[in-house]
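Readers should treat all values here as calculations from the given coordinates under stated rules, not as data from a laboratory. No experiment lies behind these values; they were computed from the predicted model shown. Neighbour counts run over all protein chains shown; Cβ positions are idealised from the backbone, glycine included.
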Amino acid sequence: MKGLALSVLAIAIASLHANGFADPAEAADVPVPPSSTQAQLAFILDNPLPESEYAEAKRCVFPNSYRKVEILDGRHLLFWGFRGNVWLNQLRAECLGLRKDSLLVFELRERTLCDMDSFRGTPRSNTMSPFAVHCMLGTFETISEVQATALRVALERHAQSPTPAPTPTSTQTNEE
């Protein structure tokens, strides 16, 4: 399926922008999606992304094709390659306990790093903690450096925003 993960990422970024995480000057030309789930779905279907936003998912990358791995959060890794190549890896599941400063140890089954390969994230701190987080890679999506930067900023803003508490419905009454 061509670029499904990248399109979901683009929709998530658009959603973050629509929820007040974007600079108002930047968002002036972007239509704002409605708030209800059904209306948002209709909005997404009525406003498809341009073909340039879709990328081919790669199952594997060669270890010598990237120079560093950046941990964005417990769900997203950026593999920074040479000559401007960047791959986004959306992990198979939330990797609880993975920190931005974790040391990653990949468990290769072949000569390549592939979808469903495992890795451990160990703390870099001076404490000799035996704790290591075990995680599983997803597919690799080719993205641009600009998209990588936008994703990093959006995820940082989202992590810093307070989560709204649920509000009681107005139909509930306390009669005694």
Practice task
Arrange Phe106, Phe119, Phe140, Phe82 by Cβ neighbour counts within 10 Å, fewest through most, would you?
Solution key: Phe82, Phe106, Phe119, Phe140
Problem - For region 93-102, Karplus couplings with θ = phi - 60° (6.51, -1.76, 1.60), whole Hz, Gly/Pro x - result: 8, 4, 9, 5, x, 6, 10, 4, 9, 5
Handout entry: Extension gain from Val146 to Ala39, taking 0.36 nm per residue of separation minus the Cα-Cα distance
Key = 35.6 nm
Fill in the blank from the handout: If the chain between Ala93 and Lys68 were fully extended at 0.36 nm per residue, the gain over the current Cα-Cα distance would be 6.8 nm
Problem - Using a Förster distance of 25 Å, the FRET efficiency for Asp46-His158 (Cβ separation, nearest 0.05) - result: 0.50
